[in-house]
Amino acid sequence: MLVADRVRALAALGRISYYRLSAYWYPFKKGDTIFEAGTTFDQALELYEFDRRLRLVVLDAIERVEILARTLITYTFGHAYGAFAHADGANFDVTPRFSHDKWHQELRKEIERAKEKFLEHYQTNYIGFPTVPIWMASEVMSLGTLSRMFQGMRTADQKQVLKSWNVHQSVAGSWLHSLSYVRNVCAHHGRLWNRELAISPLSPKSSPDWPALSNKRIYAILCILRYLTRSAHGGEEWAASVRTLLTEMTGKPRWLNAMGVPANWITHSFWRPTSSLSGSMVRARNDPRALMRWKLKKA
């Protein structure tokens, strides 16, 4: 490996650690000790920085999706069965994959571990803690616990939750499960760019782009997040940040392949601007007067 700037390399190793950074030069190796000709330390560092930014982008979108899922599930369940409906197994489906008792015990532990003022207030003023109203429980519920709750819900309730997502409930359940796994990888600063997903999401057949995707790589997660945030506030800006990241890999097919990114990714429907931001809106959004004219025309 060629090290052009020894001082810079030592500084990088000092803040990242040799072992952690070595994972990013491993792909450049031809054997245990031999690197491909022309391999540089800066290439490994560039890959590390790319992966760091990728994690931040993914976490940004997962946060949006998680909060939306909490809202939809809380609203649906609370209105259908009441404030404490989640504590009653009769409000869930009985399936081999979902045990309400096991799920509820885990939720109670999460509530007890949480150090939130609203929980302290509830515990002081009401009986029954750690059983709290669903809108409180969902605020401290992990994404993994939330995804298991969704999987245990009755089909009719799942469909009610998914009205705005337009995706089959089995697919949505797998998405939430996979996103929970990816979120944990990001939270522990793990690699994403060449990771094989241990919990892979199902692919819907509603779009011609989906069947061709590898559901074992992070690109599938990017597409799912794009699908789920397309109509969300800031969704277009998020998609633009992903396009910027992937465009930086142009001319590096090995690194794109490691993420499951197809050569023609930029033509996929996932990355086209939504109709609300297309045409005149794209031209108008940086001009307040033009933007107002566009809004009045749409109204």
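Just so it is clear, none of the values below were taken in a lab; they were calculated from the coordinates. None of these values were measured; they are calculated from a predicted model. For neighbour counting, all protein chains shown are included, and Cβ atoms are generated from backbone atoms with ideal geometry for every residue, glycine included.
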> With r defined as the distance between the Cβ atoms of Tyr26 and Glu63 and R0 fixed at 25 Å, what FRET efficiency is calculated, to the nearest 0.05?
Replying inline: 0.25
>> Calculate the FRET efficiency for Ser206 and Thr95 from the Cβ-Cβ distance with a Förster distance of 35 Å, rounded to the nearest 0.05.
In response: 0.90
> With charges set only on the Cβ (+1 for Lys and Arg, -1 for Asp and Glu), what does the dipole of segment 133-212 come to about its Cα centre, in debye to the nearest 20?
Replying inline: 80 debye
>> Cut-off is 10 Å between beta-carbons; in what order do Thr247, Thr74 appear when sorted fewest neighbours first?
In response: Thr247, Thr74
> Relative contact order, percent, of segment 56-267 when contacts are C-alpha pairs under 8 Å separated by at least 6 residues?
Replying inline: 21 percent
> Taking only the alpha carbons of the chain, what extent do you get along each of the three principal axes, in Å, biggest first?
Replying inline: 67, 53, 37
> For segment 16-29, what does the Karplus curve 6.51 cos²θ - 1.76 cosθ + 1.60, with θ = phi - 60°, yield as ³J(HN,Hα) per residue in whole Hz, taken in order and with x for Gly and Pro?
Replying inline: 9, 5, 4, 4, 5, 6, 4, 5, 8, 9, 4, x, 7, 7
> Looking at the square roots a ≥ b ≥ c of the eigenvalues of the Cα gyration tensor of segment 155-216, which shape do they give, rounded for a/c under 1.5, prolate if a/b is larger than b/c, or oblate?
Replying inline: oblate
>> Using only DSSP helix segments of four residues or longer, with each worth -39500 (n - 2.57), what per-residue ellipticity at 222 nm results for the chain after dividing by its residue count and rounding to 500?
In response: -18000 deg cm²/dmol
>> Which of the three applies to segment 142-268, rounded, prolate or oblate, going by the alpha-carbon gyration tensor with a ≥ b ≥ c and a/c under 1.5 meaning rounded?
In response: prolate
> Could you give the length gained on full extension between Tyr126 and Lys252, defined as 0.36 nm per residue of separation minus the Cα-Cα distance, in nm?
Replying inline: 39.4 nm
>> Quick query: amide H of Thr40 versus all other amide H atoms, modeled in the peptide plane; which residues come in under 5 Å with a sequence gap of 5 or more or a different chain?
In response: Leu2
>> Just the number: Rg to Rh for segment 59-211, Cα atoms, Kirkwood Rh, two decimals.
In response: 0.98
> Can you list residues whose amide H is under 5 Å from Phe35's amide H, if they're 5+ apart or on another chain and H is modeled 1.01 Å from N?
Replying inline: Lys30
>> Using the Karplus curve 6.51 cos²θ - 1.76 cosθ + 1.60 with θ = phi - 60°, what ³J(HN,Hα) values do you get for each residue of segment 55-62, in whole Hz, with x for Gly and Pro?
In response: 4, 5, 5, 5, 4, 4, 6, 4
>> Which of Trp175, Trp165 has the fewest other C-beta atoms within 10 Å, and how do the rest follow up to the most?
In response: Trp165, Trp175
> Taking amide H positions as placed 1.01 Å from N in the peptide plane, with prolines and chain starts having none, which residues 5 or more places from Ala232, or on another chain, fall under 5 Å of its amide H?
Replying inline: none
> Can you list the aspartates and glutamates whose alpha carbon sits under 17 Å from that of Lys115, skipping same-chain ones fewer than 8 residues off?
Replying inline: Glu106, Glu139
>> Would segment 1-85 count as rounded, prolate or oblate if I go by the C-alpha gyration tensor, calling it rounded below 1.5 in a/c and otherwise prolate when a/b exceeds b/c, oblate otherwise?
In response: prolate
